[in-house]
Ligand SMILES: NC(=O)c1ccc[n+]([C@@H]2O[C@H](COP(=O)([O-])OP(=O)(O)OC[C@H]3O[C@@H](n4cnc5c(N)ncnc54)[C@H](O)[C@@H]3O)[C@@H](O)[C@H]2O)c1
C-alpha cells in the first residue's frame, strides 16, 4: 500500500471506529495471523540529526512540552494541532517569541491531526489530549510513519493496549508513554539503589496517585476538569495508575525479567465528588445532576510472576496531601517516599529511618548529578519533565532505545481496565495479559543511563 492510500485507509477505518485488520479481536486478544511478529523491546531506529516534532493537544500539559522542547538542542517544532484555535495560537506564538520558525497550526476540528500526519517532515508527535484520544492518535501516528509519544495513560481498555502493541510491532515505530515520574530525582536515585542491590532481593512495592483534584470540577467548558470529571461518573477503579507505578515497575524490572501476573482491586464508597458538587454548585447545575461512580479511594494489589506484591492506590477526591508512596522493599532494606525515608541493613539500625543525606551522596543518579541544576531551572514537576524530554531527544538523536517502550506503556495503563473489572466482580482476581508475548523473560533490565 502506498503511503497515501495507507493514510486514506487509516482515515476511513479508524475514523469509522473499525478495528484495523489483524490487530485485535473483540476479546482483546491479538488475532492470530500469518504475519511473523517481532517484538519491539529495545527497538533501535536510525539516529536523527535533528528531531522534527509535532504536537497534538497544547492545553495545560502540551503547552509545557512545547516550552521544554524549545529549550532543547536539535529540535525543530514543525506543527501544532489543537482543535481550540486560541490554544494552538498561544503555543505557535511561544515558538515565534523564542526566535524559531513559525510552526503550522491545525485547528479544524477533532480530526485535523490527520491532515498534519500527511506532512512528510515530522519525525515524532507528542500527544497531550484528553485520555480517549491517546490510543487512536498514537495508532494513526505510527501508521503514518511517525514515532508516538503519548501522555499518561496510553490506553483505557485492554483492547486498545493490544492495538498499540500490534501497531508498534508492525510499524517498528517508538511508542513511548511519557511517564515523567520515572525521571524524578528520588525515583532515579532509588532505581540506581535497586540496580546496585542496596535493598537485596526486591519483595514488595507501593505506588499511588493521591492528589486532591476536586477543584478541576469547576472547569466546565474547557480545561482538564471539563473532560476528566466525566470519567468519575462512568467508571470505578484506578483511573490514573502510571505515575506511582512506572518507577516501581522499573525498580522491579517489570517486562524485563518479571511481569505483572494478576491483580485484585477494591474501591471505597464514592462520596467526595458529590459532596463537593453540592457545596460548590447550584442544585440544578450539571455537576449535581450526575452520579459519581468512582470510589474515592481505589486500592489494587498486583502479584508478579516472581511472586512480588505491588500495592497501587488512586484517590483524586479526598482532601489530603499529595502522595505517590514510591515505596520499595527487599531482603536488606526499604525506601519510602512522601517524605523520602530509607533504612538499609549495614548502615545503622533498621528499626528507625536513617540519614538519607549520606545515601544521596552515594546513590544520586548520574543524570541528576550532571543535569540537576539545569533541570530544576527548566522546571516541570521539579525538573523531571525536562530530564524526560532531554532523554527522549538524546535517544532519538543517538539512535538508542527509549527507556520506556510500548510494553511498559500498556502494562502500566492496563491497571485501569483490569481494576475496573475486578471492582465490578467483588474484587475477583484478574489475569494480566502478557503484552510482551513471552519476551519479558529475555529482555534486559533498564540500565542506569548516564
Ligand atoms: N504527566 C503529567 O504529569 C501530566 C500532567 C497533566 C496532564 N497530563 C496528561 O496530559 C493530557 C492532557 O491533559 P491537560 O491537563 O493538558 O488537558 P487540557 O484539557 O488542558 O488540554 C487538552 C488539549 O487537547 C485539545 N484537544 C482535545 N481533543 C483534541 C483533538 N481531538 N485534537 C486536537 N486537540 C484536542 C484541547 O483543546 C486542549 O487544549 C492528559 O492525558 C493528562 O492525563 C499529564
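Some notes on this structure:
- Normalised alpha carbon radius of gyration of region 249-389 [divisor 2.2 N^0.38 Å]: 1.40
- Shape class for region 310-445, computed from the alpha carbon gyration tensor (a ≥ b ≥ c): oblate, with a/c not under 1.5 and a/b at or below b/c.
- Ordering of 277-285, 203-211 by packing [mean C-beta count within 10 Å, highest first]: 203-211, 277-285
- Estimated distance in nm for a label pair at residue 441 and residue 306, the labels positioned 7 Å out from Cα along Cα-to-Cβ: 1.6 nm
- In the chain, the convex hull through the Cα atoms has an average projected area of 21.9 nm², a quarter of its surface area.
- Potential extension, residue 370-residue 261 segment - 0.36 nm per residue separation minus Cα distance: 35.5 nm
- Mean ellipticity per residue at 222 nm, deg cm²/dmol - from DSSP H runs of n ≥ 4 across the chain, formula -39500 (n - 2.57): -11000 deg cm²/dmol
- For 150, 449, order by how many other beta-carbon atoms lie within 10 Å, fewest first: 449, 150
- Descending by average beta-carbon neighbour count within 10 Å, the peptides 370-383, 392-405 line up as 392-405, 370-383, the highest first.
- Cβ-based exposure ranking for 240, 322, 276, in which fewest neighbours within 10 Å come first: 322, 276, 240
- D_trans [Stokes-Einstein, Kirkwood Rh over alpha-carbon pairs] for region 258-297, 4 °C, 1.567 mPa s, µm² s⁻¹: 107 µm²/s
- Residue 172-residue 38 pseudo-label distance in nm [points 7 Å out on the Cα-to-Cβ vector]: 0.5 nm
- Orientation-averaged projection of region 41-177 equals 7.8 nm² [convex hull of Cα atoms, one quarter of hull surface area].
- Order by protection proxy (mean Cβ within 10 Å, highest first), peptides 298-308, 68-78: 298-308, 68-78
- For the pair residue 394 and residue 350, the difference between a 0.36 nm per residue extended length and the Cα-Cα distance amounts to 11.9 nm.
- Förster-model FRET efficiency, 22 Å R0, residue 121 and residue 97, C-beta, rounded to 0.05: 0.50
- Distance histogram in 10 Å bins (all Cα pairs of region 354-418, percent per bin): 18, 33, 34, 15, 0
- Note on 389, 89: ascending count of other Cβ atoms within 10 Å places them as 89, 389, the fewest first.
- GNM remark for the chain: springs join alpha carbons under 10 Å apart, and the peak mean-square fluctuation among 173, 421, 93 falls on 93.
- Separation of the residue 108 and residue 340 label points, Cα + 7 Å toward Cβ, nm: 5.0 nm
- Region 392-413 and region 313-343 have their alpha-carbon centroids 25 Å apart.
A short reminder: the numbers here are calculations on the coordinates, not readings from a lab. Bear in mind the structure is a predicted one, so any value in this text is a computation, not a measurement. Virtual Cβ from ideal backbone geometry, glycine too; neighbours counted across all protein chains shown.
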